[in-house]
Amino acid sequence: MLKIFLRLAVSEYIRQLLSFEEYSFSLEEVTAKSSKDSTAIRRELNRLIEKKEIVNLRKGFYLIIPPRYSNSQKLPLQLYSEKLFKYLKRNYYIGLYSAAKIHGASHQQTQRDYLIIETPMLIAIKKKNFDIQFHTTGNWPKNNIEKKKSDAGIYKVASPALTFIDLIDHHTKLGGLNRMLASLEELTEELIEHDMKSLLDWYDNKSSMQRTGFLLDELLGPNSFSDMIFQKLRQRPFYPVLLSPKKNQKPGSVDNRWKIDVNLILESDL
């Protein structure tokens with residue numbers, strides 16, 4: 001559908017955006033479309049913020065809060081992530097617990113949203129009911145970022161296999177393995193061999209692969225996913241690692257094929 005915007009008042013422009021299922025806009029966009037000068041635009045934006053009809057998420061970037069989200073005063077990440085990162089000119093994907101929830105592994109209930117971005121790091125967003133945490137990766141995925149469709153258009157999300165290994169890779173920053181064990185167990189139901197093979201074609205963090213293979217064996221018993229990881233690992237030497245890294249602690253003797261020193265009692269709360 002061709003989107004035609006006449007030069008309008010800010011509130012009228014926002015109503016037009018909503019009619020096209022768009023829930024975000026930049027200051028530059030509204031300035032270009034409005035018939036008012038910059039001072040009047042900012043005054044009207046502030047008035048709409050006070051009325052809780054919009055939220056200034058980041059400097060120069062706004063979210064629209066339509067009536068169906070007025071009680072929660074929060075939008076699902078899927079409705080604005082793509083436009084936000086086009087505005088920021090950065091690569092991203094929805095990851096960790098947020099991706100797990102999209103894939104149906106919603107045991108870990110959290111009001112926080114999680115995004116994976118390329119370095120440099122962005123400052124976390126904590127504003128009103130929005131709590132967005134960013135995590136970086138220096139090895140940007142060559143595969144395993146899925147494009148899904150929301151009411152507002154496409155958004156990017158980690159595949160189940162990438163979500164699984166990312167959770168393990170970042171577990172020390174997310175409350176530890178036991179906190180996420182139930183989510184990992186639910187995610188195993190979404191794993192498929194093609195997704196895992198695609199991941200192993202480019203992923204090269206050996207310690208995270210060791211921990212992932214070990215945990216898959218613990219959760220599933222003998223399985224094809226961990227066998228695929230082990231075949232990738234054995235192509236190069238790999239060395240003992242702690243199941244959960246601890247400061248000033250080094251791995252001791254190991255008695256499993258993953259060379260994992262099990263320094264943690266695994267206890268799922270599922």
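Only the coordinates and a few stated rules stand behind these numbers; no lab work does. Note that this is a predicted model, so its numbers are computed, not measured. We place every Cβ from the backbone using ideal geometry, glycine too, and count neighbours over all the protein chains shown.
Of Asn56, Asn223, Asn143, which has the largest mean-square fluctuation in a 10 Å C-alpha GNM of the chain?
Asn223
Rounded to the nearest 5, what % of DSSP beta bridges with both residues in the chain are antiparallel?
65
Using only Cα atoms, tell me the angle between helix 206-220 and the longest principal axis of the chain; keep it within 0 to 90° and round to the nearest 10.
80
Normalised by the number of residues in segment 10-69, what is the relative contact order in percent for Cα pairs under 8 Å and 6+ residues apart? Don't jump to the answer; show the numbers that get you there.
On the way: 53 pairs, mean separation 22.7, N = 60.
Here the relative contact order equals 38 percent.
Most mobile of Lys149, Lys83, Lys101 per a Gaussian network model of the chain (Cα springs, under 10 Å)?
So, out of Lys149, Lys83, Lys101, the one fluctuating most is Lys149.
Starting from the Cα-Cα distance between Lys197 and Arg42, subtract it from 0.36 nm times their residue separation and give me the gain in nm to one decimal.
Between Lys197 and Arg42, full extension yields an extra 50.7 nm.
Using alpha carbon centroids, what distance separates segment 52-84 and segment 196-233, in Å?
Each part's Cα centre sits 38 Å from the other's.
If each DSSP helix of 4+ residues adds -39,500 (n - 2.57) and the sum is divided by the residues in the chain, what number results at 222 nm, nearest 500 deg cm²/dmol?
-10500 deg cm²/dmol
Run through every distinct alpha carbon pair of segment 77-261 and return the Kirkwood hydrodynamic radius in angstroms, one decimal place. Provide the component values of the computation, followed by the final result.
Working: mean 1/r = 0.0583 Å⁻¹.
The answer is 17.2 Å.
Return the FRET efficiency for the residue pair Asn71, Leu264: r is the Cβ-Cβ distance, R0 is 30 Å, and the value is rounded to the nearest 0.05. Walk me through the numbers on the way to the answer.
Details: r = 40 Å, r/R0 = 1.33.
The calculated FRET efficiency here is 0.15.
So what is the relative contact order for the chain, in percent, with contacts set as C-alpha pairs under 8 Å and at least six apart?
13
Setting aside same-chain residues fewer than 8 positions from Lys33, which aspartates and glutamates have a Cα under 16 Å from its Cα?
Glu12, Glu22, Glu44
Under the rule of at least 5 residues apart or a separate chain, name every residue whose amide H is placed under 5 Å from the amide H of Ser244.
The list, which skips near neighbours in sequence, is Asn263.
If neighbour count is taken as other Cβ atoms inside 10 Å, put Met228, Met121, Met209 in order from fewest to most.
So the residues, fewest neighbours to most, are Met121, Met228, Met209.
Using 20 Å as the cut-off for backbone N distance, which residues of segment 221-252 belong to the label zone defined by a point 7 Å from the Cα of Thr172 along Cα→Cβ?
Only 238-252 pass the distance filter.
What does the charge count around Tyr155 come to, taking other residues whose C-beta lies under 9 Å from its C-beta (Lys +1, Arg +1, Asp -1, Glu -1)?
Overall, the nearby charge balance is +3.
Given 0.36 nm per residue, what is the gain on full extension from Glu190 to Arg236 after removing their alpha carbon distance, in nm?
Extra length available between Glu190 and Arg236 comes to 13.7 nm.
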